[in-house]
1. Failed condition for PHE91, given (1) surrounded by 14 or more Cβ atoms within 10 Å (Cβ to Cβ); (2) at pLDDT 90 or above, with all others met?
2. If you go through the stretch 13-60 one residue at a time, how many are loosely packed, with under 12 Cβ neighbours inside 10 Å and either within 13 Å of the chain's Cα centre (by Cα) or closer than 19 Å to PRO124 by Cα (or both)?
3. Give the residues of the stretch 92-117 that are free of Cβ contacts under 8 Å to residues at least 60 places away in the same chain and among the aromatic types (Phe, Trp, Tyr), sorted by residue number.
4. Quick check on my filter: what residues within the stretch 116-126 are touching a Pro at 6+ places or on another chain (Cβ under 8 Å) and either hydrophobic (A, V, I, L, M, F, W, C) or not in a loop (DSSP other than H, G, I, E, B) (or both)?
5. Please indicate, with yes or no, whether at least one residue in the stretch 80-90 is closer than 29 Å to LEU3 by Cβ and in a strand (DSSP E or B).
6. Looking only at the stretch 16-47, which residues are part of a loop (DSSP other than H, G, I, E, B) and touching a Pro at 6+ places or on another chain (Cβ under 9 Å)?
7. Within the stretch 61-68, is even one residue within 17 Å of ARG122 (Cβ to Cβ) and not basic (Lys, Arg)?
Amino acid sequence: MALQGPIPVSFHQVFPHGCYVVGEVEQVKDFDASSKGRTVYAKDKTTGELVWQVAVMDADPTVKAGQKTVAVKILSPVQPVVPAALPGVPFVPVEFDGMTATAYVGQNTGRLAWSIRATAMRPPRSAAPAAKAAAAGKDVAA
C-alpha cells in the first residue's frame, strides 16, 4: 500500500472555517521513557524535533460540541508562540503550516480518530474559503 505514515493535508482541509487557540502551548511528555522523578519529553520519530501541543477550537458550526476542541501537535526545536490576540476577539485565530494527519483507533472508543501535526503556527493569512464564500453570499459545496 502506498499510504504509509502521516498523510499531508492543508490547513483548510482540516479546518475549512478556521480555528482558534483555546489553551497554552505545552511540551508533550514521553510517558514510556519518563520515570518517577525524571521527565522525558517526546521527540518526533522521523525528524527528531521536539513535540509541542496546543488545544484549538474548530470554528465549523456543524461540528458537535464534544468534538470542537482538537489538540494539534507542533514539531519544533523551540516552543511555538501563539500569535497576538486581535482587538475585540475573545479567542486567537491561528493557522498551521506543514500539516499531516495520522489515523488511529481510539483505545477507549474503538473508533477511528486522527492525530494532527504541524511544523509551524502563525496568524491567519486570510479568511477561510468557506467564510469568504459565506460573506459573499455564495453556497460552498463540501
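The values are calculated or read from the model by the stated rules, or taken from the named source; none is laboratory data. Just so you know, these numbers come straight off a predicted model, no measurement behind them. Glycine gets a Cβ as well: all are built from the backbone with ideal geometry, and neighbour counts include every protein chain shown.
1. Exception for PHE91: condition (2).
2. 2
3. TYR104, TRP114
4. ARG117, ALA120, MET121, ARG122
5. No, the stretch 80-90 contains no residue that is closer than 29 Å to LEU3 by Cβ and in a strand (DSSP E or B).
6. PRO16, HIS17, GLY18, VAL25, THR46, listed by residue number.
7. no
For (1) modelled with pLDDT under 95; (2) aliphatic (A, V, I, L, M); (3) surrounded by fewer than 16 Cβ atoms within 10 Å (Cβ to Cβ), each residue gets a yes or a no:
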| residue | (1), (2), (3) |
| --- | --- |
| VAL72 | no, yes, no |
| SER76 | no, no, no |
| ALA103 | yes, yes, yes |
| GLY110 | yes, no, yes |
